[in-house]
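The values are calculated or read from the model by the stated rules, or taken from the named source; none is laboratory data. For clarity, every value in this text was computed on a predicted model and none was experimentally measured. As a convention, Cβ positions derive from the backbone with ideal geometry for all residues, glycine included, and neighbour counts pool all protein chains shown.
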Amino acid sequence: MKIQRDNVNIAYSEHGNGDISLLLVHGSFINKEYWSHQVKYFSKKYHVVTMDLGGHGESGKDRNSWTVEDFGKDVAAVIDQLRLNKVILIGHSLGGDAILEAAVANPGPIIGFIGIDNFKMAASPLPLTVQQQADNILESLRKDFAKTSENYARMVLLTKETDQQTTERIINDYRNAYPEMGVASLHSVFHYWQRERELLQQLPFKLHLINCDYFPTNEESLKKYAGSSYEIISIHATSHFPMIEVPEQFNNVLEKTIEKILSDQTKVT
């Protein structure tokens, strides 16, 4: 079946069977194919759904608004139109805030929440110097989107230790992202902290995070704002993309996190 939201087609894929659905949501400028290792591994046991957020991958581009809130509505549309139930939301980077929007708006079908390398400065305003850098990035994106996107990825999301294959894939996808969506969505991300603070306090699920150690997580804000508690598992990676850089290690940690969510739910019920 076709899924549409705001007159835009939302591309998705379904694999496997099972009572539990895993909905995997990618981050900025990439696509659902980044979850290929996870689809192959987890579809043996679970119903696995991947999707392309609006303006990404194979999803449509014909709309005028590209905010984090819009991406959350894309996630909600997939849950609603596929009639998913017993859903564990798994969101990478921007996808973490997209699933946060969906989980707070309609928690009924949701049983678990997992963020992947995100909420590292949760619910906190950017320091002034970083905000100035963010503003400069947005200005540069408007002038030369491809070059600025590549520079952003190299500075913030990759390191010199990241293997060549991973680096080339990320750089290619960032350079070739849809510019109108890219500028607008990053502007939304850079100014999202107040909304994130509000929603984290309303999230009715434990916040499970699987974060890479190449960049530290500030836990002070999580202690303050994660309304239903949180748990962080740190994994070793040289980039922001553990699902493709260290898939076996990542799958092992993700599997344990999923099993913990299901175990905790059994205890409650």
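Computed quantities for the displayed model
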read-out	value
Test: residue in the stretch 131-149 that is within 19 Å of Y34 (Cα to Cα) and either of a type in the set (F, W, Y) or in contact (Cβ under 8 Å) with a residue 24 or more places away in the chain (or both)	yes
Filtered residues of the stretch 216-253 (kept if in contact with a helix residue (DSSP H, G or I) (Cβ under 7 Å, 6 or more places away or on another chain) and buried (at least 20 other Cβ atoms within 10 Å of the Cβ))	Y225, A226, Y230, A237, S239, H240, F241, P242, M243, I244, E245, F250
Residue in the stretch 224-231 that is aliphatic (A, V, I, L, M) and either over 18 Å from the mean Cα position of the chain (by Cα) or in a helix (DSSP H, G or I) (or both) present	no
Near pairs, Cβ below 9 angstrom, 6+ apart or cross-chain, from the stretch 164-189 (more than 18 Å from E33 (Cβ to Cβ) and modelled with pLDDT of 95 or more) to any residue that is hydroxyl-bearing (S, T, Y) and surrounded by fewer than 17 Cβ atoms within 10 Å (Cβ to Cβ)	A184/S65
Hey, D213 out of contact with any helix residue (DSSP H, G or I) (no Cβ under 8 Å at 6 or more places or on another chain) and more than 25 Å from V87 (Cβ to Cβ) or not	yes
Test for L126: is it under 23 Å from E220 (Cα atoms), modelled with pLDDT of 95 or more, surrounded by 15 or more Cβ atoms within 10 Å (Cβ to Cβ) and not acidic (D, E)	no
Which numbered condition I261 misses (of (1) under 30 Å from Q132 (Cα atoms); (2) touching a strand residue (DSSP E or B) at 6+ places or on another chain (Cβ under 8 Å); (3) assigned to a helix (DSSP H, G or I); (4) not charged (D, E, K, R))	(1)
Unique match (being within 15 Å of G95 (Cβ to Cβ) and part of a loop (DSSP other than H, G, I, E, B)) among L22, L53	L53
Matching entry among E161, E198 (being among the acidic types (D, E) and farther than 25 Å from W35 by Cβ)	E198
Single residue of the stretch 95-123 satisfying the filter (part of a helix (DSSP H, G or I) and aliphatic (A, V, I, L, M)) that is surrounded by the fewest Cβ atoms within 10 Å (Cβ to Cβ)	A105
Test: residue in the stretch 190-208 that is polar (S, T, N, Q), modelled with pLDDT of 95 or more, out of contact with any strand residue (DSSP E or B) (no Cβ under 6 Å at 6 or more places or on another chain) and crowded, with 17+ Cβ neighbours inside 10 Å	no
Members of the stretch 78-94 that are under 16 Å from K32 (Cα atoms) and not in a loop (DSSP other than H, G, I, E, B)	V78, I79, L89, I90, G91, H92, L94
Among (1) in contact (Cβ under 8 Å) with a residue 12 or more places away in the chain; (2) surrounded by fewer than 16 Cβ atoms within 10 Å (Cβ to Cβ) - the single one N64 does not satisfy	(1)
